[in-house]
Amino acid sequence: MIYKLSNVADQRVIEETFGLRFKYPQLYRPQPLINGFEEANLSMVTMENNKEITFAIWGLMPQNFKEDWQQFQNHANTLNVPVQDLEQVAWMKESLRHRRCAIIVSGFYTHRLKNGNTTSYYLCRPDGKPFYLAGVYNVLEDGFQCSALITNKTNNFVAHYHDISHLAPIIIPKSDAKAWLDPKTKMADIKKMVMDPKEVQLKATPMPNQFFQKKGPLRQKGTVEGIGNASV
């Protein structure tokens, strides 16, 4: 499972990379660390509105859910949703069919056990540009959107840097995003995208433990070594 993401690309870079505009551009801020255990927002493109970038709370809740995020997450951690759950849990299965999304990140953090300690890594594209992760979303009773990463077994590259879990996010190449978000795409093709995802080249950068401290010095300016604003 992955509970920490990053999106350090500036607004212009994101819009130029994907050819889309933010619906609420004034709300976007680059974030070197998006911690799923704290209520956080993700930038994403949805099936309902695939022409704009919108925002969603990270953590999937049932469609038209009335209670708050914290209360639901205390009962069920839905920051990540394994592919198998999308097939077996009724309300999640419905989300996969009708409410898929492409979540925008510049990278995500992985963790590996070594000599009785954990070491952390930042995985991103070699060029530093943002990319899409496969997700599903629902709309709460108050109109806010909530979302989850879809996860599957780690590939060989990710597994080398992430062994505290065998699950990792699924990258949706930009060339496949249109089909992923198209309600007319056959479910057999959707399932193939998540069960047998295309390999996307990534690079791994070691991260110091201080980076993950809530007010660590390495996070004050929004960048750390190896994590900077991408440029087109």
Practice task
Go through segment 127-137 residue by residue and tally those that are open to solvent by 70 Å² or more (accessible area, probe 1.4 Å) and not charged (D, E, K, R).
Solution key: 0
Handout entry: Output for segment 155-172, where each listed residue is part of a loop (DSSP other than H, G, I, E, B) and either without any contact (Cβ under 8 Å) to a residue 24 or more places away in the chain or of a type in the set (V, I, T) (or both)
Key = I164, H166, I170
Handout entry: The listed residue being touching a Gly at 6+ places or on another chain (Cβ under 6 Å) and either polar (S, T, N, Q) or at pLDDT below 95 (or both), out of T46, T54, T78
Key = T78
Exercise for the section: Determine if segment 77-93 includes at least one residue that is of a type in the set (D, E), open to solvent by 70 Å² or more (accessible area, probe 1.4 Å), touching a helix residue (DSSP H, G or I) at 6+ places or on another chain (Cβ under 8 Å) and within 21 Å of D189 (Cα to Cα). Expected result: yes
Fill in the blank from the handout: Note on segment 173-204: residues touching a Pro at 6+ places or on another chain (Cβ under 8 Å) and touching a residue at least 60 places away in the same chain (Cβ under 8 Å) are V200, Q201, L202, K203
Practice task
Check segment 193-204 and report whether any residue there is within 18 Å of the chain's Cα centre (by Cα) and at pLDDT below 90.
Solution key: yes
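Yes or no, residue by residue, for (1) under 27 Å from D196 (Cα atoms); (2) open to solvent by less than 10 Å² (accessible area, probe 1.4 Å); (3) among the polar types (S, T, N, Q); (4) in contact (Cβ under 8 Å) with a residue 60 or more places away in the chain:
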residue: V13; (1), (2), (3), (4): no, yes, no, yes
residue: R29; (1), (2), (3), (4): no, no, no, no
residue: L42; (1), (2), (3), (4): yes, yes, no, yes
residue: F55; (1), (2), (3), (4): no, no, no, yes
residue: W58; (1), (2), (3), (4): yes, yes, no, yes
residue: F65; (1), (2), (3), (4): no, no, no, yes
Practice task
Kindly provide the set of residues from segment 141-156 that are open to solvent by 10 Å² or more (accessible area, probe 1.4 Å) and hydrophobic (A, V, I, L, M, F, W, C), ordered by number.
Solution key: F144
Problem - Yes/no for Q71 being under 19 Å from E38 (Cβ atoms), polar (S, T, N, Q) and surrounded by fewer than 19 Cβ atoms within 10 Å (Cβ to Cβ) - result: yes
Handout entry: Entirely in segment 1-116, the helices (runs of 4 or more DSSP H) that have 1 or more residues that are touching a Phe, Trp or Tyr at 6+ places or on another chain (Cβ under 8 Å)
Key = 11-18, 69-75, 90-98
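The values are calculated or read from the model by the stated rules, or taken from the named source; none is laboratory data. Note that the structure is predicted; figures quoted are calculated from it, not measured. Every residue, glycine among them, receives a Cβ derived from its backbone with ideal geometry; neighbour counts consider all protein chains shown. Note: areas computed on protein heavy atoms with side chains; ligands, DNA, RNA excluded. Shrake-Rupley method; radii C 1.70, N 1.55, O 1.52, S 1.80 Å.
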